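Engineer: Dropping the structure in here first, questions after.
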Amino acid sequence: MRFDHEGNLAPFNDRDPGDETPGGTPYQGWREVFHGAAIGGAATTGGRGFHSGLCVAPNGEIWHNDMGGFKKENPRGMTMVYVHRPDGSLKKENAVALLPNGTCGIRVDRQGFVYLGVGARGEAAAPGLSGPLQDCGHIMKMQPDAKCVYGEGPFRMMGHPPVPFNVEGLVWAWYGQHPLKESHGCVCSNSRLDLDDFARVFVPQCYRGSVMVLDSNGNEILRVGRYGNENSRGRGSPVPEPEIAIAWAPYMAASDRALYVMDYANARILQADLGYHVEEVVGVP
C-alpha cells in the first residue's frame with residue numbers, strides 16, 4: 001500500500017488493487033521485475049527472501065540478503081548477499097560472504113558501504129537495557145566485499161556452543177538492534193534498519209519503544225519515541241505523553257525530513273517530523 005505525505009491512501013493508479021492486468025494476472029509487472037529478477041536468486045535457494053530485506057542502492061543496483069543454500073562455497077548454509085544490476089541480471093553472488101543466518105535488513109550508501117542488521121551477540125549490555133538480550137544484535141557497516149571468518153573474534157553466532165567470528169572489511173559495529181535473532185530460534189519477528197541520504201542509520205529498539213539514530217560513524221545522535229499505547233497520540237489525545245508513542249515498531253522508513261514507523265502493537269503507522277538545530281534557506285541561481 002502507498003500513502004501520501006498526509007497519511008492518505010494513494011493508489012498506484014485508478015484501478016482497484018484487486019483488478020487483473022490485461023494479461024489476466026494481478027500485478028504481473030511487479031512480479032516480473034522484482035520477484036523474477038531481484039528475489040529470484042534467493043528464492044531458488046529456499047531461503048528467506050521475503051523477510052531478510054532488499055534495497056535499491058543509489059547507483060540503481062539491487063542488493064538483497066538471504067540464506068544461501070548449502071552450496072560448495074557455503075557448506076553451512078549461511079546468509080549470502082546478492083547484487084543485481086538495474087535490469088535484474090545477477091551481478092554478484094555472495095558479495096558479503098557467509099553472514100550469520102539472523103541477518104535481516106540491508107542498505108547501501110552513496111559511497112558503496114553496506115549496512116546490515118546482524119543477529120550476533122556481544123558481551124556488553126545493549127544501550128538502555130540492564131544486560132544482554134537473547135534477541136539483540138549488531139548494526140554493522142562493512143566494505144562491499146566484506147567477509148565473516150569463524151573461529152575467533154569479538155562477535156558470537158549463537159549455537160551450542162556459540163561460535164565466535166570476526167568480520168574482514170568491517171568499518172564499525174554497534175550493538176543494540178532488537179529484536180534481531182540468529183537462526184537458533186524463530187527469526188520471523190526480526191527487525192530491519194533504514195538509512196537516509198546522509199547515511200544516518202535508523203535502528204529499531206522494540207524493547208524500549210524507540211528508534212535509535214546513528215550517524216555515519218556509528219555514534220548515537222538521537223533517540224526517537226518512548227513506550228506508549230494506542231491512547232497516546234500526542235497533544236490533545238487521551239494520553240498526551242509521550243508525544244511520540246511507540247509500542248512495538250520493528251520496521252521503519254526515513255527521509256531527511258520525517259521518520260515513518262510501523263507500530264504493530266498499536267496497529268498504526270506513525271510519522272515523526274525531523275528537524276535541525278540550524279537551517280538556512282538559500283536561493284537557486
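The values are calculated or read from the model by the stated rules, or taken from the named source; none is laboratory data. Keep in mind that this is a model prediction, so the values were computed, not measured. Here the Cβ is made from the backbone with ideal geometry for all residues, glycine too, and neighbour counts use every protein chain on show.
Engineer: With over 18 Å from Met80 (Cα atoms), under 21 Å from the mean Cα position of the chain (by Cα), surrounded by 14 or more Cβ atoms within 10 Å (Cβ to Cβ) and modelled with pLDDT of 80 or more as the only criterion, which of Ala126, Ala146, Ala173 stands out?
Structural biologist: Working: Ala126 fails: modelled with pLDDT of 80 or more; Ala146 fails: over 18 Å from Met80 (Cα atoms).
Exactly one residue qualifies, and that residue is Ala173.
Engineer: Separate question: How many residues are in contact with an Asp or Glu (Cβ under 8 Å, 6 or more places away or on another chain), hydrophobic (A, V, I, L, M, F, W, C) and surrounded by 17 or more Cβ atoms within 10 Å (Cβ to Cβ) if we restrict to segment 222-258?
Structural biologist: The number of residues fulfilling the criteria is 6.
Engineer: Right, something else. Looking only at segment 74-86, filter to residues that are at pLDDT below 85 and part of a loop (DSSP other than H, G, I, E, B); which one of those is surrounded by the fewest Cβ atoms within 10 Å (Cβ to Cβ)?
Structural biologist: Pro75
Engineer: Hey, another quick one. Kindly indicate whether Ser237 is of a type in the set (S, T, N, Q) and within 30 Å of Leu170 (Cα to Cα). Before you say what the answer is, go through the steps one by one.
Structural biologist: Details: of a type in the set (S, T, N, Q): yes; within 30 Å of Leu170 (Cα to Cα): no.
Considered against the rule, which asks whether it is of a type in the set (S, T, N, Q) and within 30 Å of Leu170 (Cα to Cα), Ser237 comes out as no.
Engineer: Right, next: Quick one: in segment 92-116, of everything that is at pLDDT 90 or above and not in a loop (DSSP other than H, G, I, E, B), which residue is surrounded by the most Cβ atoms within 10 Å (Cβ to Cβ)? Don't jump to the end; show me each part of the working.
Structural biologist: Step one: of segment 92-116, the residues at pLDDT 90 or above are 106-116.
Filter once more, keeping what is not in a loop (DSSP other than H, G, I, E, B): 106-108, 114-116.
On the way: Ile106: 25, Arg107: 25, Val108: 21, Val114: 25, Tyr115: 23, Leu116: 29.
This residue is Leu116.
Engineer: When you look at Gly218, is it modelled with pLDDT of 90 or more and on the phi > 0 side of the Ramachandran plot, yes or no? Even if it seems obvious, please write down each step before you answer.
Structural biologist: Values: modelled with pLDDT of 90 or more: yes; on the phi > 0 side of the Ramachandran plot: yes.
Judged against the criteria, Gly218 is a match.
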